[in-house]
Structures are given as structure tokens and as C-alpha cells.
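One structure is given below, encoded as C-alpha cells.
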Amino acid sequence: MIVQKSFITKLRDLGLNTYESKLWTALLSRGSSTAGELSDIASVPRSRTYDVLESLEKKGFILRKLGKPIKYLAVSPEEVIDRIKTKVMSETDHQLKAIDDMKQSDILEELSLLYSQGVELIDPSHLRGSITGRDNLHNHIESRIGKAENTVSLLTTPEGLVRKAEFLLPVLKKLSKKNVAVRIATQITSDIQSTVDSLSAYADVRHTSVRGRFCIIDGSEVTFMLLDDKIVHPSYDVGVWVNTEFFASAFEDAFSSKWEKMKKN
């Protein structure tokens, strides 16, 4: 039986490896079959077939019939999907509960103490790192902005502002209660005006012709992106974070000198 490689690849989303995918699809096409028959149909080595079928049985994809020779029955795809969904939801609930329990335990306090003591031993100039992937960059920026005490200065692209708005809005609401001054510069166009209006309730948003991407927190740390988000794939987006006042303050001064000339929204 010939099965397209792309089809086999998609079955990995169900938690199956290549051999498992081949044997399960072979069994689906037969309804009931022996291990030897399935090995021939799916082109899976006989030395591996029994182990793989046992794995599929444990995962709930197939059933084993009693008798000789041993035959296997395929479980309907609809039932398999329901089982996987139930399992994933159960595991997710368990993990979320474990995380919530950890928040309330002494473990988090001990870990935080270890982190704070460790950071105190580090030269501030060594507090730097790179972040790869747009989701990771957004998580990092959200986390750093949320810790601001005085100022946040953000330069972003129109596309980037729309993407960031989902996490920026709730964070900016919290910062406004702390009286943190937030400045956002971007190319304001009609396409993003609604986003700009929603953020303007909690930040000063202005138009600039400069296309760039960086975020300065309290004039002491800066995260800047190295590539144009209009052309780079989200998975390959890269940012650099540095926590040094000497470097960040230079960024802040340069931003401030341009800020006064930017058109208000």
C-alpha cells in the first residue's frame, strides 16, 4: 500500500511515528489483519512490527483479537480522535494544576531566591541574551514591559504593533495604574488606526518615518530586533536583550531626541 509522505507526516500530530502511521493506515484499509500481513502491506520490517503494534494498542489505535493467529482490529478514526482529545485535556488540566500548586508552594520562593542571589553575582554587562522566534520575542517583551517602574519606549513597525496589541493592551492598563510613562513610535496608517486608538488610552503613540524595532525599559535595558519583520519568517525572527544602563541610556537619548519631532496621533 502506497501512502503519501505528507499524509504520514500529518499523522504525527496524533502522536504517531512513521512506522506507527504506516501500520495503522494499513490496518484501517484492511479492517482486520495479522502482523505479517500488515508488515508486507505497510513495508515495515517484521522485526519491528510486533513492537509497533503493541505501541499502537497501548495508545488505543488498535485492538488485538484473541485466538491464533493473532489478528488486529483498527479503531475508528473518530473514536481515536475523541480519545486523544480527552487525554490531552486531562493532561493539560493536570499540568495546569501542578503549575498553580507550585505558585502556592515554597518551591517557587526558593527558586526565586536562587535566581535573585545568582543575578547579584553577575556583572550587569553580562546580563544579555538572544531570543529566537517571534512568539518567544513577544513573551520576552511582554514580561520585560510588565516589570517597568518608570518608562517604556517602544519603536515598532505597523505590522508589529498590530501583533503586539493583544498582549500590550492588558499590560499597559496595569502600567497606567503605576503611572509608568509609555511612548510608542510607529508608522501610523489608516490600516492600523483602530489599534493605535485603543493603545492611545494608555500610551502616547506617535508617527515616525523610521522603520525599526526595539524596546527600552526604564532607560536601563533594551531589547532590539535584528531583522525586518516584513520579510523574515516568524520562526527565524531574532532579538537581542541587554541589561546595561550605559548602553540602554544611549538608546533612550536617541529616541527622545526624535520623539519631540514625531507627529502626535
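Assorted remarks:
- Of all DSSP beta bridges confined to the range 124-264, the antiparallel ones make up roughly 70%.
- Taking the C-alpha atoms only, the angle from helix 106-120 to the longest principal axis of the chain is near 50 degrees.
- FRET efficiency, LYS87 to ARG46 (Cβ-Cβ, R0 25 Å, nearest 0.05): 0.25
- As a ratio to 2.2 N^0.38 Å, the alpha-carbon radius of gyration computed for the range 124-264 takes the value 0.97.
- The translational diffusion coefficient of the chain, from Stokes-Einstein at 4 °C and 1.567 mPa s with a Kirkwood hydrodynamic radius over alpha carbon pairs, comes to 56 µm²/s.
- Backbone geometry of the range 46-52 corresponds, through the Karplus equation with coefficients 6.51, -1.76 and 1.60 at θ = phi - 60°, to 3J(HN,Hα) couplings of 4, 5, 9, 4, 5, 5, 5 Hz, x marking Gly and Pro.
- Each Cα pair under 8 Å and six or more residues apart adds its sequence gap; the mean of these over the residue count of the range 5-75 is a relative contact order of 31 percent.
- Relative contact order of the chain, taken over Cα pairs closer than 8 Å and 6 or more residues apart, is 15 percent.
- A helix-only calculation puts the chain at -17000 deg cm²/dmol for mean residue ellipticity at 222 nm, using -39500 (n - 2.57) for each DSSP H run of at least four residues, averaged over all residues.
- Net charge in the neighbourhood of VAL152 (other residues with Cβ under 15 Å of its Cβ; Lys, Arg +1, Asp, Glu -1) is +4.
- Helix axis angle, 134-146 relative to the chain longest principal axis, alpha carbon, degrees: 40
- Gained length - LEU226 relative to LYS258, 0.36 nm times residue gap less alpha-carbon distance: 9.5 nm
- Farthest towards the positive end of the charge dipole of the chain, among the residues VAL44, VAL232, THR156, is the Cα of VAL44, using unit charges on the Cβ of Lys, Arg, Asp and Glu.
- DSSP bridge pairs, the chain: antiparallel proportion in percent, nearest 5: 75
- Reducing the range 36-50 and the range 171-236 to their Cα centroids gives an inter-centroid distance of 57 Å.
- Separation in nanometres of the label points that stand 7 Å from Cα toward Cβ, at HIS233 and ASP101: 4.0
- Computed magnitude of the charge dipole of the chain (debye, nearest 20; Cβ of K, R +1, Cβ of D, E -1): 1040
Coordinate-derived values only; no laboratory data. Quantities reported herein were computed from a predicted structural model and do not represent experimental measurements. Note that each Cβ is placed from the backbone with ideal geometry, even for glycine, and that neighbours are counted across all protein chains shown.
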